[in-house]
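Working notes for the structure below.
Bear in mind that the values in this text are calculations on the coordinates, not laboratory data. Keep in mind the model is a prediction, meaning the values are calculated, not measured. Neighbour counts run over all protein chains shown; Cβ positions are idealised from the backbone, glycine included.
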Amino acid sequence: MKKFKFGDLKLPLSFYNYLSYIGTLVAIVGLFMFIFLFVISFFFSEGGAYLGLVMWMVIPSFIVMGLITIPIGMFIKNKKDKKNVVSDTKGSVTINFNEPRTRNAFVIFGIGSLFFLLLSAVGSYEAFHYTESVEFCGTLCHEAMKPEYVAYHNSSHAKVSCVECHVGNGASFYARSKLAGLYQVYAVATNIFSRPITTPISHLRPAQETCEECHWPEKFYSRQLVQNKHYLQDDENTEWDISLQMKTGPAYSALGLDEGIHWHINPDIRVEYIATDSLRTSIPWVKYTNLKTGEVKVFEDNESKLSEEQVASMGKRKMDCIDCHNRPSHDYQTPSNFINNAITAGNISKELPGIKLLSMEILANTFTSTDTALAFIDSEVRNYYSTNYEELYAEKQDLITKSIKGIQDEFEKNIFPEMGVKWDVYPNHIGHLEFDGCFRCHNDQHTTADNQVISKDCNLCHTIIAQGVPDTLQSGSIFKSLEFVHPNDEYQSWKDMNCSECHAQLY
């Protein structure tokens, strides 16, 4: 039997041209690069977002270009050859499988096409899933998406992929998201994206199509106990605790959504509103409709009442989850909150006198970069204790170093100078401390024609069951609430203003 040699493999004469050679070389090199990178990523888990981009999108593009170049070169070569040869069969194409060259070309083309189709199917599938991955969304455009990516990983939705909320099910929203992504890629490539990134509040899907895939209304949420530790800005970093019974659901599960905070999404109730700003922070008009009884109530803000023409022409929005939970995965904590949490966790030492006040004063500055901020935190803390507490500075170097790192770590989770992102950039409508949130409607100013009012009563949403300094903690019960006591406010001036009027300035 004659031994096969690679040189015996003969192809049609039209293949032998420089353009087809180049196409073959590009395709073969691309294939071997793909195999190499696949082995690296699959067996060694190396590479990250950029390896996935190169492996599933860039290299396949070059392989396709190389394969297309081969027949183009053959076509051009064949056309040139025909010009130089006079034939009686001018214009005809003859395929003769008795010729070895034709058989070889057919076998190579057939096997190659099947292999390429298989590779294309797998590649397309992997490319689709790669572009839907958290890694792709958060790390590919590193600078632009860093704040969102970091906040997402520190949120309660860190195990939920980005597309579950931002895209959801269905081909129409998938196509829309990819079309929007084309401009985003262009904006990042040309460095024209906004800093900070604007919130796509008008393009989000209804919560019924995203949030309620997991948080379904028929699952009634009972009331919850929420306990917080705060630290006052004094030398002792005095601890001030507060325990709240949050009325997320009814007192008894049999009542379903008839009462509690989540009454707002009761399927038998429709709440509509008009917002006069793009961030939906100003709401002068609210409409309540009982879908069972047909009862309708319209509440209007007496201080910013809309005309009938404005009500008729302005867009009305049906209230859903996102109207309160508008920062479910990208919440940037206030300095007061994240410093409190770090002290509670022991990452910032409560033993250091005035550390809460010092932290707040440091974080009140505006920084141009993260590196500048981290260096400033280090130098300011060390200078403060070396100047004012020399003995403590000499004896407690380990606590000072640990506390510096605690402040720096919290800073990097919540403040991003390069992108202009911090807590006050994106209003958070949950609660009513730093932003008006609930008080957008519950402010005692929205009334009906017969003087019914949307109440500002705190006990509608929560009751206080414990508060104060741990040694002298004032305690109530789930059945008997306490009247709120604001620390360092003996004249109870908090009653005459919204919380945000002070808490929004703490930074």
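In percent, how large is the relative contact order of segment 335-419, given Cα pairs closer than 8 Å and 6 or more residues apart? Could the numbers behind the result be given before it?
Details: 62 pairs, mean separation 36.7, N = 85.
The value is 43 percent.
Of interest is the spacing of the C-alpha centroids, which for segment 410-464 and segment 263-324 amounts to 17 Å. Shape summary of segment 263-304, radius of gyration then Dmax from alpha carbon positions: 11.6, 33 Å. A simple charge model with +1 on the Cβ of Lys and Arg, -1 on the Cβ of Asp and Glu and nothing else charged puts the dipole of segment 335-419 at about 220 debye relative to its Cα centre.
Within segment 227-383, the proportion of Cα pairs with more than 25 Å between them is 56 percent.
Based only on other Cβ atoms within 10 Å, what is the fewest-to-most ordering of LEU363, LEU25, LEU37?
Neighbour counts put them in this order, fewest first: LEU25, LEU37, LEU363.
A viscosity of 1.002 mPa s and a temperature of 20 °C, combined with the Kirkwood radius over Cα pairs in Stokes-Einstein, give a translational diffusion coefficient for segment 351-507 of 112 µm²/s. Charge tally around LYS402: other residues with Cβ under 11 Å, Lys/Arg +1 each, Asp/Glu -1 each, net -1. Footprinting exposure proxy ranking of LYS83, LYS422, LYS229, LYS396, fewest other C-beta atoms within 10 angstrom first, gives LYS83, LYS229, LYS396, LYS422. Excluding same-chain neighbours fewer than eight residues apart, the aspartates and glutamates reachable from LYS292 by a Cα-Cα span under 12 Å are ASP268. Rg and Dmax of segment 335-419, based on Cα coordinates, read 12.2, 40 Å.
Treating each Cα of segment 266-341 as an identical point scatterer and ignoring solvent, apply the Debye formula and state log10 I(q)/I(0) at q = 0.14, 0.17, 0.18, 0.27 Å⁻¹. The Cα Debye sum returns log10 ratios of -0.61, -0.78, -0.84, -1.29.
Can you work out the FRET efficiency for the pair GLU390 and GLU361, with r the C-beta to C-beta distance and R0 = 22 Å, to the nearest 0.05?
It comes to 0.65.
Computed from phi, the 3J(HN,Hα) profile of segment 332-338 under the Karplus parametrisation 6.51, -1.76, 1.60 (θ = phi - 60°) reads 9, 5, 6, x, 4, 5, 6 Hz, with x in place of Gly and Pro. Remark: TYR18, TYR393 ranked as TYR18, TYR393, counting other beta-carbon atoms within 10 Å and listing the fewest first.
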